[in-house]
There are 2 protein chains.
Amino acid sequence: MCQSNAYFAQDGEEELILEDVISVKPEGDKIQLVSLFGEQKTIDAKIRFIDLIHHKIIFEKRT
Amino acid sequence: MCQSNAYFAQDGEEELILEDVISVKPEGDKIQLVSLFGEQKTIDAKIRFIDLIHHKIIFEKRT
């Protein structure tokens, strides 16, 4: 399985948004995340970096 | 390993952009893709959907 963790990057820190993300779907300015366990979160953010080696998806909050 | 294949979605078809993508980095309106084998591609597109179960990253060409 290849789920990744989603984080907000802010001030050089990473804040966990959701673990075991299996899908990421931009919807206008929002992004919908769904985890392996069916948990859903919609965030007001943009994608900064996806790193599939380290299973990380880094988001940046919209300002 | 969790690399995914990158595709353009167009007219209900999927056109392969790059296999075994390990990183995706938006840079302004462009997106830089890097594969496990070091191949790099920069595309003028936006992310439509990331499906980590099926190892697919679907892009939409900017019009």
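See the values below:
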{"read-out": "Flag for B:Leu36 being more than 9 Å from chain A (Cβ to nearest Cβ) and aliphatic (A, V, I, L, M)", "value": "no"}
{"read-out": "Lone qualifier among B:Ala6, B:Ala45 - being of a type in the set (A, V, I, L, M) and more than 26 Å from A:Leu36 (Cα to Cα)", "value": "B:Ala45"}
{"read-out": "Subset of the range A:47-63 [surrounded by fewer than 14 Cβ atoms within 10 Å (Cβ to Cβ) and in contact with a Lys or Arg (Cβ under 9 Å, 6 or more places away or on another chain)]", "value": "A:Lys61, A:Arg62"}
{"read-out": "Qualifying residue in the range A:51-63 (condition: touching a residue at least 24 places away in the same chain (Cβ under 8 Å), basic (Lys, Arg), within 13 Å of another protein chain (Cβ to nearest Cβ) and at negative phi)", "value": "yes"}
{"read-out": "Meets criteria (in contact with a Ser or Thr (Cβ under 7 Å, 6 or more places away or on another chain) and farther than 18 Å from A:Phe59 by Cβ) for B:Asp20", "value": "yes"}
{"read-out": "Filter result (at pLDDT 95 or above, farther than 16 Å from A:Lys46 by Cα and among the hydroxyl-bearing types (Ser, Thr, Tyr)) within the range B:8-63", "value": "B:Ser35, B:Thr42"}
{"read-out": "Selection status of A:Phe8, more than 7 Å from chain B (Cβ to nearest Cβ) and aromatic (Phe, Trp, Tyr)", "value": "yes"}
{"read-out": "Yes/no for A:Phe37 being aromatic (Phe, Trp, Tyr) and under 18 Å from B:Asp51 (Cβ atoms)", "value": "yes"}
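Condition check ((1) farther than 21 Å from B:Ser23 by Cβ; (2) surrounded by 13 or more Cβ atoms within 10 Å (Cβ to Cβ); (3) aromatic (Phe, Trp, Tyr)) across all residues:
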| site | (1), (2), (3) |
| --- | --- |
| A:Ala9 | no, yes, no |
| A:Glu15 | no, no, no |
| A:Val21 | no, yes, no |
| A:Val24 | no, yes, no |
| A:Gly28 | yes, no, no |
| A:Leu33 | no, yes, no |
| A:Gln40 | yes, no, no |
| A:Ala45 | no, yes, no |
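The values are calculated or read from the model by the stated rules, or taken from the named source; none is laboratory data. Just so it is clear, the model here is predicted, and its values are computed rather than measured. Every residue, glycine among them, receives a Cβ derived from its backbone with ideal geometry; neighbour counts consider all protein chains shown.
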